[in-house]
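Undergrad: The structure is given below, and queries will be raised subsequently.
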Amino acid sequence: MIVYGSSLSPFVRKVLVVIAEKGLTATHKPVFPQDGSPEFRACSPLGKIPGFQDGDFKIADSTAIVHYLERKYPVPALFPAGAEDFARAVWWDEFADTSLVASAGKVFFNLVVKKLMGAGDPDMAAVDAALTKELPPLFTYLESQIHGPYLIGDGFSIADISVASPFVNLKVAGHPLDAAKWPKLDAYVQPILARPSFVNAKD
């Protein structure tokens, strides 16, 4: 099993955490998006990360990968069994991928990735808009949905992995969650990020 992509990406991190939580092992090959290596491109024709290989099977996109892992390696389950809870898990994964990551990514890209790549000055207007206009409503929504240690029922799931992952990027960028403004969200996120699967998901 091989995972291509830098763990700086919340999408790559999501896959690495799922693999660890399932007790599986994988070779992690850190590459940046659009890497030209034939092995990576065989898994990800569009050059996006993560790319993934399990034996002869190759696929890209974090959501496709984690669904594959759940089907092939169902124990321990990271998707709830019930129809309603399964739908909620898919919703939270989508919420994280398309809303939370998109906004947090503006902060991370401008303050971290541009510096690493020597790609010019950060767009501080985009950073400010993300921090003051885009992310606060998302955090407030999450604050209203937290009623225990996990988002769905009493079990750790893909919902928690997907939602917690972008908070790593915000912390690395120097903008961790404000616990005074969103205490329930902070109390929810911190134990998840302290799990060994998250701590060890690094290049």
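Each value in this text was obtained by applying a stated rule to the coordinates, not by laboratory testing. It should be emphasised that the depicted structure is a prediction, and the values quoted were computed from it without experimental measurement. Counting neighbours? That spans all protein chains shown, and the Cβs are built from the backbone with ideal geometry, glycine included.
Undergrad: Taking only DSSP H segments of four or more residues, each worth -39500 (n - 2.57), what value at 222 nm results for the chain once the sum is divided by all its residues, to the nearest 500 deg cm²/dmol?
TA: After summing the helix terms and dividing by the residues of the chain, the value is -14000 deg cm²/dmol.
Undergrad: Under 12 Å from the Cβ of Val112, count the other residues' Cβ atoms, weight Lys and Arg +1, Asp and Glu -1, and hand me the total.
TA: Spelling it out: positives minus negatives among the neighbours equals +4.
Undergrad: What are the ³J(HN,Hα) values, in whole Hz, obtained from phi via the Karplus relation 6.51 cos²θ - 1.76 cosθ + 1.60 with θ = phi - 60°, for each residue of region 9-24 in sequence order, with x given for Gly and Pro?
TA: Computed from phi, the couplings for region 9-24 are 7, x, 6, 5, 4, 4, 5, 4, 5, 4, 4, 5, 5, 8, x, 8 Hz.
Undergrad: I'm spelling it out carefully: the read-out is mean projected area of the Cα convex hull in nm², the candidates are (i) 11.2; (ii) 12.0; (iii) 9.8, and one was derived from this structure. Which label?
TA: Answer by label: (i).
Undergrad: For each pair in Lys48/Lys115; Lys14/Lys133; Lys14/Lys202; Lys72/Lys202; Lys22/Lys72, compute the distance between the two Cα atoms and list the pairs where it is over 18 Å.
TA: Long pairs (Cα-Cα over 18 Å): Lys48/Lys115; Lys14/Lys133; Lys72/Lys202.
Undergrad: Using the Kirkwood radius over Cα pairs, work out the Stokes-Einstein diffusion coefficient for region 38-158 at 25 °C and 0.890 mPa s, in µm²/s as a whole number.
TA: Roughly 145 µm²/s, to the nearest whole number.
Undergrad: Which net charge results when you count Lys and Arg as +1 and Asp and Glu as -1 among the other residues whose beta-carbon is under 10 Å from that of Arg195?
TA: Result for the neighbourhood of Arg195: -2.
Undergrad: Further question on the same structure: Per residue Cα convex hull volume for region 2-72, in cubic angstrom?
TA: 73
Undergrad: Where the centre of each part is set by its Cα atoms, how far does region 67-81 sit from region 107-177, in angstrom?
TA: 26
Undergrad: Shifting gears a bit: Of Phe156, Phe167, how do they rank once you tally other Cβ atoms within 10 Å and put the fewest first?
TA: Phe156, Phe167
Undergrad: Please compute the contact order of the chain in relative form: average sequence separation of alpha-carbon pairs under 8 Å and at least six residues apart, divided by the residue count, as a percent.
TA: Once normalised by length, the contact order is 24 percent.
Undergrad: Taking amide H positions as placed in the peptide plane 1.01 Å from N, state which residues far from Ser7 in sequence (5 or more) or on other chains have amide H under 5 Å from it.
TA: Long-range HN contacts for Ser7: Asp203.
Undergrad: With r defined as the distance between the Cβ atoms of Ala81 and Thr140 and R0 fixed at 41 Å, what FRET efficiency is calculated, to the nearest 0.05?
TA: 0.85
Undergrad: What ³J(HN,Hα) values, in whole Hz, does the Karplus curve 6.51 cos²θ - 1.76 cosθ + 1.60 give for region 74-89 when θ = phi - 60°, with x put for Gly and Pro?
TA: Each residue's phi maps through the Karplus curve to give x, 10, x, 6, 10, 10, x, 7, x, 4, 5, 5, 4, 4, 5, 5 Hz.
Undergrad: Pairs of alpha-carbon atoms within less than 8 angstrom and 6+ residues apart define the contacts here; what relative contact order does region 64-152 have, in percent?
TA: Reported relative contact order: 24 percent.
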